[in-house]
Amino acid sequence: MKVAVFSTKPYDRKFFQSKNEQFGHELHFFEPRLTQETVSLAKGFPAACVFVNDRLDAETIKILAESGTKLIALRCAGFNNVDLEAAHQHGCTVLRVPAYSPYAVAEHTVALILALNRKIHRAYARVREGNLALDGLLGFDLHGQTVGIVGTGKIGAVVAKAMHGFGCPTLAHDVQKNPDCVNLGVRYVDLPELFAESDIITLHCPLIPQTHHLINRQALSQMKEGVMLINTSRGALIDTRAVIDGLKSGKLGYLGLDVYEEEENLFFEDLSRQVIQDDVFARLVTFPNVIITGHQAFFTRNALETIAETTLDNISKFESDQSCENEVTVENIKK
Ligand code: NAD
């Protein structure tokens with residue numbers, strides 16, 4: 001099938017070209033993100049392959065469909081950037097990669113927790129400057145600290161297991177209990193209790209209207225003084241301005257982010273020779289107790305191989321009219 005691949009980076013091209021030897025699709029790689037301004041690149045392509053920051057709003061989908069695209073093949077799990085109602089209305093099928101490596105994201109989450117606690121980012125810079133003093137690098141034992149996990153699906157469950165391994169009592173909040181977590185001894189509680197009892201809070205639920213700004217001023221007010229907050233899920237789970245105030249007051253002791261609510265104009269690009277125009281982001285990076293990575297939690301070779309394979313297999317199934325369990329519709333996300 002002829003596929004317009006948007007937001008292509010060298011690593012996407014490498015993994016997709018290699019896996020495509022067994023699928024034989026006609027892949028055309030485009031560097032720009034898919035937006036209303038760039039949608040004309042997809043003209044005449046029956047399939048568009050997109051990533052997390054491509055913007056598939058109603059107007060873009062309408063233009064896509066009018067110019068012959070019938071399949072939107074997401075090469076990611078999240079689909080918050082796709083207007084599913086519009087896709088349905090214009091007869092576009094949406095397929096995704098629901099799971100590729102929960103370990104990649106869970107391990108990055110643990111890396112952020114460990115680095116923030118033991119201030120690895122600061123120690124690295126200090127040692128390179130010949131400063132081997134320890135003052136200011138004091139951490140705490142993870143053992144015995146209570147970890148609160150919001151969303152215990154595939155990724156949250158791996159995080160729960162890892163934190164259990166460190167000897168951390170674990171609380172969770174989810175709309176449904178994961179039996180693996182229950183067996184591990186995870187205690188499911190409501191959100192206020194999770195906020196009030198946790199020393200470390202980590203977010204692994206999807207971004208949907210019910211979870212938008214889940215971490216806001218009110219939520220922060222219920223948390224322990226000096227709490228650690230980690231978000232490797234989606235940026236808009238957090239009200240960033242409220243979190244900045246929490247950092248300034250000391251309520252938040254540590255913040256680890258792999259995602260940011262306004263990331264689409266920043267992430268995945270080398271902006272080192274430019275002046276960053278996003279003042280909220282610029283303020284965030286000034287805090288010594290904040291570590292931000294640019295949506296790299298998924299970025300392991302194992303994950304990229306699985307992403308390429310599942311995406312290309314989804315496209316093959318669509319092309320041969322086979323049903324695909326990876327379809328996303330308004331109905332099946334409500335289930
Ligand atoms: P999953 O679907 O397996 O798990 C999500 C869990 O969230 C489910 O258990 C679900 O019941 C729960 N949930 C739904 N609504 C909730 C609510 N209102 N409150 C609490 N919990 C709720 O998904 P996953 O594979 O574990 O991925 C989790 C998230 O991680 C994805 O939504 C995606 O946004 C993000 N993600 C980020 C990266 C990255 O590179 N940073 C990569 C992959 C996924």
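Quick check on my filter: what residues within segment 198-218 are more than 13 Å from VAL150 (Cα to Cα) and among the aliphatic types (A, V, I, L, M)?
ILE208
Report whether or not ARG283 is more than 24 Å from ALA106 (Cα to Cα) and in a helix (DSSP H, G or I).
Numbers: more than 24 Å from ALA106 (Cα to Cα): yes; in a helix (DSSP H, G or I): yes.
Yes: the conditions hold for ARG283.
Based on what the data block shows, is GLU193 open to solvent by 10 Å² or more (accessible area, probe 1.4 Å), away from the ligand (no atom under 14 Å from the Cβ) and within 27 Å of HIS164 (Cβ to Cβ)?
Values: open to solvent by 10 Å² or more (accessible area, probe 1.4 Å): yes; away from the ligand (no atom under 14 Å from the Cβ): no; within 27 Å of HIS164 (Cβ to Cβ): yes.
Against the criterion (open to solvent by 10 Å² or more (accessible area, probe 1.4 Å), away from the ligand (no atom under 14 Å from the Cβ) and within 27 Å of HIS164 (Cβ to Cβ)), GLU193 does not qualify.
Which numbered condition in (1) touching a helix residue (DSSP H, G or I) at 6+ places or on another chain (Cβ under 8 Å); (2) surrounded by fewer than 21 Cβ atoms within 10 Å (Cβ to Cβ) is the only one that ARG75 fails?
Here ARG75 clears every test but (2).
Is it the case that THR146 is away from the ligand (no atom under 11 Å from the Cβ), open to solvent by less than 50 Å² (accessible area, probe 1.4 Å) and polar (S, T, N, Q)? Steps first, please.
Working: away from the ligand (no atom under 11 Å from the Cβ): yes; open to solvent by less than 50 Å² (accessible area, probe 1.4 Å): yes; polar (S, T, N, Q): yes.
Taking the combined requirement at face value, the residue satisfies it.
What's the number of the condition VAL175 fails, among (1) buried (at least 16 other Cβ atoms within 10 Å of the Cβ); (2) among the β-branched types (Val, Ile, Thr); (3) within 12 Å of the ligand (Cβ to nearest atom)?
With respect to (1) buried (at least 16 other Cβ atoms within 10 Å of the Cβ); (2) among the β-branched types (Val, Ile, Thr); (3) within 12 Å of the ligand (Cβ to nearest atom), VAL175 is out only on (1).
Just give me the residues in segment 93-118 being within 20 Å of ASP321 (Cα to Cα) and open to solvent by less than 10 Å² (accessible area, probe 1.4 Å), in sequence order.
Of everything in segment 93-118, those that are within 20 Å of ASP321 (Cα to Cα) and open to solvent by less than 10 Å² (accessible area, probe 1.4 Å) turn out to be VAL94, LEU95, VAL97.
Can you tell me which residue in segment 243-252 is nearest to the ligand (Cβ to nearest atom), limited to those that are open to solvent by 20 Å² or more (accessible area, probe 1.4 Å) and either touching a helix residue (DSSP H, G or I) at 6+ places or on another chain (Cβ under 9 Å) or free of Cβ contacts under 8 Å to residues at least 24 places away in the same chain (or both)?
Of all residues in segment 243-252, those open to solvent by 20 Å² or more (accessible area, probe 1.4 Å) come to 245, 248-251.
Next cut, either touching a helix residue (DSSP H, G or I) at 6+ places or on another chain (Cβ under 9 Å) or free of Cβ contacts under 8 Å to residues at least 24 places away in the same chain (or both) only: 245, 248-249, 251.
Numbers: ASP245: 24, LYS248: 26, SER249: 26, LYS251: 22 Å.
Step by step, filter segment 243-252, then rank; the result is LYS251.
So which residues in segment 6-18 are out of contact with any helix residue (DSSP H, G or I) (no Cβ under 7 Å at 6 or more places or on another chain) and surrounded by 17 or more Cβ atoms within 10 Å (Cβ to Cβ)? Spell out how you get there, then give the answer.
Taking segment 6-18 first, the residues out of contact with any helix residue (DSSP H, G or I) (no Cβ under 7 Å at 6 or more places or on another chain) are 6-10, 12-14, 17-18.
Within segment 6-18, PHE6, SER7, THR8, ASP12 meet the criteria.
Residue under question is THR306, and the condition is that it be under 21 Å from HIS212 (Cα atoms), of a type in the set (Ser, Thr, Tyr) and either within 16 Å of the ligand (Cβ to nearest atom) or touching a residue at least 24 places away in the same chain (Cβ under 8 Å) (or both); does it hold? First the steps, then the outcome.
Working: under 21 Å from HIS212 (Cα atoms): no; of a type in the set (Ser, Thr, Tyr): yes; either within 16 Å of the ligand (Cβ to nearest atom) or touching a residue at least 24 places away in the same chain (Cβ under 8 Å) (or both): yes.
The answer is no for THR306.
Of the residues GLU263, GLU269, only one is open to solvent by 30 Å² or more (accessible area, probe 1.4 Å) and under 20 Å from the mean Cα position of the chain (by Cα); which? Explain how you work it out, then say what you get.
Details: GLU263 fails: open to solvent by 30 Å² or more (accessible area, probe 1.4 Å).
The match here is GLU269.
Name the residue, out of GLU305, GLU264, that is under 24 Å from TYR11 (Cβ atoms), at pLDDT below 95 and not in a loop (DSSP other than H, G, I, E, B). Break it down stepwise before answering.
Numbers: GLU305 fails: at pLDDT below 95.
The match here is GLU264.
GLU21 fails exactly one of the following numbered conditions: (1) within 20 Å of ARG301 (Cα to Cα); (2) touching a Leu at 6+ places or on another chain (Cβ under 8 Å); (3) open to solvent by 40 Å² or more (accessible area, probe 1.4 Å). What is the number of that condition?
It fails just one condition, (2).
Restricting attention to segment 62-75, which residues are out of contact with any Pro (no Cβ under 7 Å at 6 or more places or on another chain), part of a loop (DSSP other than H, G, I, E, B) and away from the ligand (no atom under 15 Å from the Cβ)? Walk me through it before giving the result.
Keep residues of segment 62-75 that are out of contact with any Pro (no Cβ under 7 Å at 6 or more places or on another chain), which gives 62-67, 72-75.
So of that shortlist, the ones also part of a loop (DSSP other than H, G, I, E, B) come out as 67, 75.
Scanning segment 62-75 gives a single hit, SER67.
Filter the helices (runs of 4 or more DSSP H) completely within segment 76-136 down to those with at least 1 residues that are of a type in the set (Ser, Thr, Tyr).
Qualifying helices (runs of 4 or more DSSP H): 102-118, 120-128.
The values are calculated or read from the model by the stated rules, or taken from the named source; none is laboratory data. Computed from a predicted model, the values in this text were never measured in an experiment. Note that each Cβ is placed from the backbone with ideal geometry, even for glycine, and that neighbours are counted across all protein chains shown. Please note that ligands, DNA and RNA were not included when accessible areas were found on the heavy atoms of the full protein model with its side chains. Shrake-Rupley method; radii C 1.70, N 1.55, O 1.52, S 1.80 Å.
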